[in-house]
1. State whether the residues of segment 192-214 include one that is at pLDDT 85 or above, closer than 19 Å to Asn115 by Cβ and surrounded by 13 or more Cβ atoms within 10 Å (Cβ to Cβ).
2. May I ask you to list pairs of residues, at least six apart or on different chains, whose Cβ atoms are under 7 Å apart, with the first in segment 164-193 being assigned to a loop (DSSP other than H, G, I, E, B) and the second being of a type in the set (Asp, Glu) and surrounded by fewer than 21 Cβ atoms within 10 Å (Cβ to Cβ)?
3. So the check is Cβ under 6 Å with 6+ separation or different chains; which pairs have a first residue in segment 5-27 that's under 14 Å from Glu44 (Cα atoms) and a second one that's part of a helix (DSSP H, G or I) and among the aliphatic types (A, V, I, L, M)?
4. Can you go through Ile24, Ile2, Ile10 and tell me which one is more than 21 Å from Phe166 (Cα to Cα) and either at pLDDT 95 or above or more than 15 Å from the chain's Cα centre (by Cα) (or both)?
5. Please specify each residue of segment 39-85 satisfying the condition of being hydroxyl-bearing (Ser, Thr, Tyr) and free of Cβ contacts under 8 Å to residues at least 40 places away in the same chain.
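The values are calculated or read from the model by the stated rules, or taken from the named source; none is laboratory data. On a predicted model such as this, the values are computed, not experimentally measured, just so you know. All Cβ positions, even for glycine, are placed from backbone atoms using ideal geometry, and neighbour counts span all protein chains on display.
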Amino acid sequence: MIELSVVVPIYNERDNLLPLITEITAVLRGTTGFEILYVDDHSEDDSLQVLLEIRAAVPELRIVRHLQRCGQSTAIWNGIHTARGSWIITLDGDGQNDPADIPKLLDARQKAPANVRMIAGWRTQRRDTWSKKLSSRIANAVRSRMLKDATPDTGCGLKLFEREVFLRLPYFDHMHRFLPALIHRTGYATQSVPVNHRPRTRGHSKYGIWDRLWVGLADLRGVAWLMRRAQITATEEL
């Protein structure tokens, strides 16, 4: 029985595939029923071929491929819709999120109140360039002030959340940057736990300071509108 689906969106990450998949399987095998679902966002390198070769030796690995490039949010959305686990773990495909932190998130979920449906990673020590750190610091500060989502680091790709709750969320491009706020909008709570963050050692970043900062700021108005329009009430069946 599959309880946990690990969803990893990638674009041109051929050198990071085997190391990260090896780490994920080492952490999860023998602990819970799981699958690893890689979503290839129409890579231009040979990432897909590498994944197919790895799958021959890793039975937990499943592969979804976009027929055209759609971006990270759509890759995550398609991966979760394809997933079979009741809980989802997301990781970035660049190897900067540490799979060794997955048990920490699972443990936090077990200890959390019943209304907590997301455990978000919090990169307390970023291993990034100054420009990425600056853009994330600004975006997190503005987002926190506008949305009051009680999450210090929404940009961390390492998250654990309930699949059923995710499927209720409104879909839009870049939604992955606002998952804690969207989950709060449904009436559930989130928690953040400190996690390791590693420098990128293979490949190169696909996003620059303008992508991370200005696109995120432009989406804030829409998410703030959604938050204001939310109507949450207790119900009873008669």
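1. Yes: segment 192-214 contains one or more residues that are at pLDDT 85 or above, closer than 19 Å to Asn115 by Cβ and surrounded by 13 or more Cβ atoms within 10 Å (Cβ to Cβ).
2. Going by the 7 Å Cβ cut-off, the qualifying pairs are His174/Asp219.
3. Qualifying pairs under 6 Å: Arg14/Val50.
4. Only one candidate qualifies: Ile24.
5. Start the filter on segment 39-85 by keeping residues that are hydroxyl-bearing (Ser, Thr, Tyr), which leaves 43, 47, 73-74, 82.
Of everything in segment 39-85, those that are hydroxyl-bearing (Ser, Thr, Tyr) and free of Cβ contacts under 8 Å to residues at least 40 places away in the same chain turn out to be Ser43, Ser47.
Residue by residue, here is whether (1) at negative phi; (2) crowded, with 18+ Cβ neighbours inside 10 Å; (3) over 13 Å from the mean Cα position of the chain (by Cα); (4) not basic (Lys, Arg) holds:
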site	(1), (2), (3), (4)
Arg62	yes, yes, yes, no
Gln68	yes, no, yes, yes
Gly79	yes, yes, no, yes
Gly85	yes, yes, yes, yes
Asp94	yes, yes, no, yes
Asp101	yes, yes, yes, yes
